[in-house]
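Structure first, commentary second.
The values are calculated or read from the model by the stated rules, or taken from the named source; none is laboratory data. Because the structure is predicted, anything quoted here is derived from the model rather than measured. Neighbour counts run over all protein chains shown; Cβ positions are idealised from the backbone, glycine included.
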Amino acid sequence: MHNLKLASVVVGMSIAGSALAATEVEWWHAMGGANGEKVNEIAKGFNDSQDAYEVKPVYKGNYTETMTSAIAAFRAKQQPAIVQVFEVGTASMMAAKGAIYPVHQLMRESGQPFDESAYLSAVTGYYTSSEGKMLSMPFNSSTPVLYYNKDLFKKAGITQAPKTWQEVESSAKKLQASGVSCGFTTSWQSWVQLENFSARHNVPFATLENGFGGLKTELAFNGPLQVAHVKKMGEWQKSGVFSYSGRTNDGAAKFYSQECAMFTESSAGYAGIKRNAKFDFGVAELPYWEGKVKQPSNTIIGGASLWVLQGHTKEEYKGVASFLSYLSRASVQADWHQFSGYLPITHAAYDLTKGQGFYAANPGTETGVIQMTTGTPTANTKGLRLGNFVQIRGVIDEALESVWSGDVDAQTALDTAVKRGNALLRKFEKAND
Amino acid sequence: MTVTFPQKGLPWLLLLPQLLVTAIFFLWPAEQALEQAFYQEDAFGLSREFVGLENFIDLFTDPLYYQSMLTTLLFSFSVAIFGMSAALLLAVMADRVIRGKLAYQTLLIWPYAVAPALAGVLWWILFDPSMGPIALWLESAGVDWNHYLNGNQAMILVVIASTWKQISYNFLFFLAGLQAVPRSLIEAASIDGASPFKRFWTIVFPLLSPTTFFLLVVNLVYAFFETFGVIDATTKGGPGQSTTTLVYKVFEDGFIGLDLGGSAAQSVVLMGIVGLMTVIQFRFIERKVQYS
């Protein structure tokens with residue numbers, strides 16, 4: 001009798017246990033540090049909001065490591081349901097038709113309400129199919145802006161933030177005359193000084209609508225405007241108007257130490273700059289060449305989006321869909337945007353942030369959003385969709401470095417990079433056709 | 001003398017664990033790489049196409065690949081030579097220390113415990129052009145240090161970062177080698193009036209030659225194959241391609257670029273190079289080594 005009671009208790013407990021066991025959804029991401037903690041907080045917020053599903057965020061290292069491990073896991077049939085992939089990996093993900101579960105399709109098949117017009121088209125444009133359907137869910141998007149040291153500007157007698165590259169040059173010379181050793185430095189040179197430079201001036205970075213038109217795309221960043229800009233930057237490197245500081249965002253150190261008075265960097269760099277800059281700084285839009293374009297166009301995004309991978313159960317996908325809906329909520333989005341400095345992905349989140357007075361209290365945080373949403377995106381400003389883009393960026397880095405060091409002239413360097421990059425594009429085309 | 005086993009099965013059984021380890025961790029991956037080198041495949045493994053020798057043709061028609069080979073040779077020999085000479089110097093000094101010998105030797109061995117990527121980051125900070133103490137010191141001495149732009153300086157940086165770790169390892173072996181040199185020989189030489197320098201070159205160094213040879217092989221293999229962590233943490237192969245060694249290129253193309261076929265073809269070439277290196281070393285260099 002006693003044993004029977006015990007057995008029924010055990011059975012009862014296991015039934016209750018299985019009823020409580022929420023369906024697990026694994027989410028691999030690349031957000032370290034403070035942003036990583038925020039990701040855990042977002043997942044916890046979702047898990048607490050319902051009890052059918054449990055999202056488990058797993059930090060997998062930097063962007064490349066996260067993408068590589070997800071791909072390796074897919075090959076071993078151990079893939080997570082959601083993986084965060086950086087923007088340069090977009091073409092690779094898109095081409096892997098059997099591996100991804102397009103977000104628009106997932107939402108429809110899981111019966112989640114999903115209105116694509118609620119999202120900022122400048123952000124989602126990067127991740128939509130040629131039919132205008134969202135393939136992945138934008139998560140953290142940013143765009144390059146110009147940070148400038150207001151204290152040094154004041155000392156040099158400059159009253160206004162530079163809007164154009166002409167003004168960057170003249171400001172830098174004034175700054176140098178006042179004792180600053182370097183005018184500006186940049187992070188992510190290919191992204192800022194070529195990809196976004198091309199969008200800003202509405203010239204193509206690659207043919208076939210920057211690759212949106214198909215795998216036959218060819219690189220086109222050796223046009224006269226880009227060559228002139230790179231040539232100028234090569235001259236600036238010699239005169240100290242510009243100072244090169246590496247391929248990623250190592251330039252931040254030079255801006256913090258006030259060695260360089262200006263810094264072109266991601267809008268998401270705001271939090272770091274605010275924490276580390278022991279001076280008053282301002283945020284301006286990414287400069288453009290006056291006379292080369294009437295009205296500067298919108299810039300394109302960097303950052304990452306969330307891709308859903310094939311090979312999971314229907315129940316899990318329901319959980320994924322409901323989590324993606326939760327992520328898109330204005331309150332969740334606005335909180336993430338304000339905390340991290342990444343752009344808001346929905347109109348509602350943008351309006352909410354504005355209504356809360358966040359931009360007024362934190363001047364400069366809105367610059368990226370305004371710059372992103374200027375005008376209607378054209379074929380040259382919608383984004384980039386290039387296979388093997390990670391390697392192509394490496395090729396571009398090498399070409400630019402050879403110009404900065406004075407070894408090769410701008411035209412030759414960019415021509416070579418285009419040629420080498422095209423070979424990589426053809427390779428991608430062959431592997432994915 | 002030959003040992004004979006009563007049954008034929010037993011020797012194989014005894015060899016089995018080692019054979020299994022070799023097969024699973026060396027032969028199988030090598031075979032996979034060899035196979036992969038003849039295919040072009042998308043990253044997810046959804047489609048695969050046999051392309052014959054195309055991956056190899058791409059490689060050998062790329063002038064940058066030859067450039068990378070030269071870079072690798074320069075890098076590897078620099079690491080081996082600097083690492084070994086510094087270690088030998090330290091070992092000779094440490095061998096003479098009487099007081100605090102153990103502490104001194106332990107401290108010299110420590111860096112070997114540092115992971116390659118960490119060693120890279122450490123030197124990267126020391127040499128950072130805008131805040132690194134060494135870079136600032138160089139600047140005050142009139143050297144314009146900027147390894148982000150200057151390929152030669154970048155090479156010096158990765159050589160230092162890779163050598164530093166290896167010095168400890170070399171030191172350990174040289175020290176053991178020195179301690180094995182019979183004292184009587186050295187004492188006899190000093191009675192004959194040989195200077196310390198002469199004693200070293202005519203007695204100690206030749207007796208160290210097996211150790212030196214062994215270390216040369218180990219150091220070259222280390223520089224060829226185990227340094228991509230250091231390079232990734234310091235220069236990422238740049239500026240330009242001035243520090244892109246063959247192994248870093250395999251890592252870059254395979255793991256970052258997800259070009260599995262091309263990366264596998266490079267691995268096959270590397271396997272060939274290692275084979276060649278080993279043959280050369282044992283055929284030509286080992287003959288000059290005195291084992292006793």
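Which members of the stretch A:348-361 meet the condition of being in a loop (DSSP other than H, G, I, E, B) and touching a residue at least 12 places away in the same chain (Cβ under 8 Å)?
Answer for the stretch A:348-361, where residues must be in a loop (DSSP other than H, G, I, E, B) and touching a residue at least 12 places away in the same chain (Cβ under 8 Å): just A:Gln356.
Scanning the stretch B:131-173 for residues that are out of contact with any Phe, Trp or Tyr (no Cβ under 9 Å at 6 or more places or on another chain) and polar (S, T, N, Q), we see that the one that is farthest from the other protein chains (Cβ to nearest Cβ) is B:Asn170.
Could you say whether any residue in the stretch B:202-223 is touching a residue at least 60 places away in the same chain (Cβ under 8 Å), out of contact with any Asp or Glu (no Cβ under 7 Å at 6 or more places or on another chain), surrounded by fewer than 20 Cβ atoms within 10 Å (Cβ to Cβ) and within 27 Å of A:Ser69 (Cα to Cα)? For the stretch B:202-223, residues touching a residue at least 60 places away in the same chain (Cβ under 8 Å), out of contact with any Asp or Glu (no Cβ under 7 Å at 6 or more places or on another chain), surrounded by fewer than 20 Cβ atoms within 10 Å (Cβ to Cβ) and within 27 Å of A:Ser69 (Cα to Cα): absent. Selection of helices (runs of 4 or more DSSP H) fully inside the stretch A:363-433 by the criterion of at least 1 residues being within 9 Å of chain B (Cβ to nearest Cβ), among the charged types (D, E, K, R) and over 19 Å from the mean Cα position of the chain (by Cα) returns A:389-404, A:410-432. Quick check, is A:Asn196 under 25 Å from A:Ala268 (Cβ atoms), assigned by TED's automatic domain parsing to the domain that holds A:Val283, out of contact with any Pro (no Cβ under 7 Å at 6 or more places or on another chain) and not aromatic (Phe, Trp, Tyr)? No: the conditions fail for A:Asn196. Of the numbered criteria (1) over 15 Å from B:Leu73 (Cα atoms); (2) more than 8 Å from every other protein chain (Cβ to nearest Cβ); (3) free of Cβ contacts under 8 Å to residues at least 24 places away in the same chain; (4) not small (Gly, Ala, Ser), the one B:Val268 fails is (3). If you take the residues in the stretch B:187-200 that are loosely packed, with under 12 Cβ neighbours inside 10 Å and within 21 Å of B:Leu89 (Cα to Cα), which one is nearest to the chain's Cα centre (by Cα)? The selected residue is B:Phe197. Step by step: first the residues of the stretch A:107-134, then only those that are in contact (Cβ under 8 Å) with a residue 60 or more places away in the chain, among the aliphatic types (A, V, I, L, M) and under 20 Å from A:Arg385 (Cα atoms), then the one that is surrounded by the most Cβ atoms within 10 Å (Cβ to Cβ). Which residue is that? Top of the filtered list is A:Ala122. Could you tell me whether B:Phe205 is more than 13 Å from chain A (Cβ to nearest Cβ) and modelled with pLDDT under 90? Yes. Right, A:Leu306: in contact with a Ser or Thr (Cβ under 8 Å, 6 or more places away or on another chain) and closer than 14 Å to A:Pro144 by Cα or not? No. Output the residues belonging to the stretch A:129-156 that are farther than 22 Å from A:Thr264 by Cβ and not in a strand (DSSP E or B). Those that are farther than 22 Å from A:Thr264 by Cβ and not in a strand (DSSP E or B): A:Ser129, A:Ser130, A:Glu131, A:Gly132, A:Lys133, A:Leu135, A:Ser136. In this entry, A:Leu208 passes the filter for residues that are more than 20 Å from the chain's Cα centre (by Cα), in the same structural domain as A:Lys292 (by TED's automatic domain parsing), within 30 Å of A:Phe428 (Cβ to Cβ) and assigned to a helix (DSSP H, G or I).
For (1) of a type in the set (A, V, I, L, M, F, W, C); (2) more than 19 Å from A:Thr381 (Cβ to Cβ); (3) within 14 Å of another protein chain (Cβ to nearest Cβ), each residue gets a yes or a no:
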position: A:Pro204; (1), (2), (3): no, no, no
position: A:Lys216; (1), (2), (3): no, yes, no
position: A:Gly240; (1), (2), (3): no, yes, yes
position: A:Gly246; (1), (2), (3): no, yes, yes
position: A:Met262; (1), (2), (3): yes, yes, no
position: A:Glu265; (1), (2), (3): no, yes, no
position: A:Ala277; (1), (2), (3): yes, yes, no
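Residues that are over 13 Å from B:Ala43 (Cβ atoms), buried (at least 21 other Cβ atoms within 10 Å of the Cβ) and touching a Leu at 6+ places or on another chain (Cβ under 9 Å) do occur in the stretch A:67-80, at least one of them.
Scanning the stretch B:229-249 for residues being within 14 Å of chain A (Cβ to nearest Cβ) and either assigned to a loop (DSSP other than H, G, I, E, B) or under 16 Å from B:Leu73 (Cα atoms) (or both) gives a total of 13.
The residues listed here are A:Val293, A:Val241, A:Val283; of these, the one that is among the hydrophobic types (A, V, I, L, M, F, W, C), surrounded by fewer than 16 Cβ atoms within 10 Å (Cβ to Cβ) and assigned by TED's automatic domain parsing to the domain that holds A:Gln189 is A:Val293.
Could you tell me whether A:Glu54 is surrounded by fewer than 19 Cβ atoms within 10 Å (Cβ to Cβ), in a strand (DSSP E or B) and either away from chain B (no Cβ under 14 Å) or touching a helix residue (DSSP H, G or I) at 6+ places or on another chain (Cβ under 8 Å) (or both)? Spell out how you get there, then give the answer.
On the way: surrounded by fewer than 19 Cβ atoms within 10 Å (Cβ to Cβ): yes; in a strand (DSSP E or B): yes; either away from chain B (no Cβ under 14 Å) or touching a helix residue (DSSP H, G or I) at 6+ places or on another chain (Cβ under 8 Å) (or both): yes.
Criteria met by A:Glu54.
The rows are residues; the columns are (1) touching a residue at least 40 places away in the same chain (Cβ under 8 Å); (2) within 14 Å of chain B (Cβ to nearest Cβ); (3) under 19 Å from the mean Cα position of the chain (by Cα).
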{"position": "A:Lys254", "(1), (2), (3)": "yes, yes, no"}
{"position": "A:Glu259", "(1), (2), (3)": "yes, yes, no"}
{"position": "A:Ala268", "(1), (2), (3)": "yes, no, yes"}
{"position": "A:Glu285", "(1), (2), (3)": "yes, no, yes"}
{"position": "A:Glu290", "(1), (2), (3)": "yes, no, no"}
{"position": "A:Ala304", "(1), (2), (3)": "yes, no, yes"}
{"position": "A:Leu327", "(1), (2), (3)": "yes, no, yes"}
{"position": "A:Ser331", "(1), (2), (3)": "no, no, no"}
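When the stretch A:191-225 is filtered for residues that are under 20 Å from A:Thr143 (Cα atoms), surrounded by fewer than 24 Cβ atoms within 10 Å (Cβ to Cβ) and among the polar types (S, T, N, Q), the ones remaining, listed by number, are A:Gln193, A:Asn202.
Screening the stretch B:26-142 for helices (runs of 4 or more DSSP H) wholly inside it with 2 or more residues that are closer than 27 Å to B:Phe214 by Cβ, within 24 Å of the chain's Cα centre (by Cα) and free of Cβ contacts under 8 Å to residues at least 24 places away in the same chain returns the ranges B:63-96, B:101-109. Of the residues that make up the stretch B:184-198, is at least one within 17 Å of B:Leu102 (Cα to Cα) and assigned to a helix (DSSP H, G or I)? Scanning the stretch B:184-198 turns up no residue that is within 17 Å of B:Leu102 (Cα to Cα) and assigned to a helix (DSSP H, G or I). Within the stretch A:57-111, the set of residues being outside any helix (DSSP H, G or I), within 12 Å of chain B (Cβ to nearest Cβ) and over 27 Å from A:Ile300 (Cα atoms) comprises A:Ala76, A:Lys77, A:Gln79, A:Gly98.
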